[in-house]
Amino acid sequence: MMNLVLKYFFVFILIFLISCSKEQKQISIIEEKELKPQMIEAYNEGLEELERGDAIYAAKKFNEAELLYPQSIWAPRAALMAAYSYFSQLYYGDAVLELERFLDKYKNHPRRDYAYYLLALCHYDQIIDEKKDLNEILRAQKYFNIVIEKFPNTEFAIDSEFKLELIEEILASKEMYLARYYVDREKWIPAINRFKKVANDFDTTIYVEEALHRLVELHYKIGLIDESKKYAALLGYNYQSSKWYEESYRIFNSNYKKKSKKKDTKKQDSILKKFKDLLK
């Protein structure tokens with residue numbers, strides 16, 4: 001009798017579990033059907049608010065869409081749109097947080113190239129003063145390099161290369177600023193080290209010619225004539241037509257300096273005349 005009761009009990013439990021499973025599955029399907037239109041509605045509201053210029057509310061609606069239906073293909077798109085919403089209205093800090101979250105959460109998403117590019121732009125657009133914004137410069141450089149290395153055949157890589165060239169100019173400009181600062185205070189060795197950095201690390205920038213001339217000038221000043229001549233030769237070999245080579249040549253050739261005084265007056269008059277003509 002006891003065995004029969006146990007048998008019926010187990011059958012009852014089994015039927016109960018099966019019915020619960022079916023009911024749970026039905027509830028899940030119903031919820032999914034209800035969540036999808038809500039997600040689409042939230043996403044579309046985000047687009048509308050973005051067009052109106054309300055970036056903060058737009059981002060919130062995109063975040064809502066992502067949370068409503070996280071397993072949907074629209075969830076990562078909504079996350080990216082939230083980041084773009086912040087970026088479009090210059091809320092760079094919020095955009096960076098959204099992009100970092102996207103990159104951490106959606107590791108295999110096909111638009112990671114855009115996420116890295118937008119992250120680089122967030123830092124790049126915050127560069128105002130190369131003398132102060134070194135952290136933003138370095139972060140932008142880091143993410144532009146990631147775009148080029150990981151996604152070389154994209155349009156984002158092409159623009160990243162261009163932006164990196166501009167960053168090189170900015171970094172070289174910072175080194176020149178520091179070098180001139182030391183020159184003004186007659187701290188020759190720190191100044192030489194800064195000019196050397198420009199000559200060695202930023203040799204494709206517009207500052208390399210002046211940096212080489214300053215190395216000629218400073219080494220001559222402290223009595224290292226052979227070292228001065230080495231940089232003069234390097235400047236002459238690569239930039240013989242440069243005004244900075246002409247300035248370096250004056251350091252070693254006193255006759256040239258004397259002869260050039262008369263010519264300089266005429267040249268200065270000519271430049272002044274051209275300048276006046278521009279103002280007419």
Region 178-197 residues that are over 16 Å from Glu210 (Cβ atoms) and hydroxyl-bearing (Ser, Thr, Tyr), paired with ones that are surrounded by fewer than 15 Cβ atoms within 10 Å (Cβ to Cβ) and at pLDDT 95 or above (beta carbon under 8 Å, 6 or more apart): none
Number of positions in region 78-111 that are in a helix (DSSP H, G or I), among the charged types (D, E, K, R) and in contact (Cβ under 8 Å) with a residue 24 or more places away in the chain: 3
Residues satisfying the stated conditions in region 129-173, i.e. of a type outside the set (A, V, I, L, M, F, W, C), assigned to a helix (DSSP H, G or I) and in contact with a Ser or Thr (Cβ under 7 Å, 6 or more places away or on another chain): Glu168, Glu169
Considering residues of region 121-141 that are of a type outside the set (Asp, Glu) and over 8 Å from the mean Cα position of the chain (by Cα) only, the residue farthest from Gly93 (Cα to Cα): Lys131
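The values are calculated or read from the model by the stated rules, or taken from the named source; none is laboratory data. Everything quoted here is computed from the prediction, not taken from an experiment. Don't worry about glycine lacking a Cβ; one is built from the backbone with ideal geometry, like all the others, and counts go over all protein chains shown.
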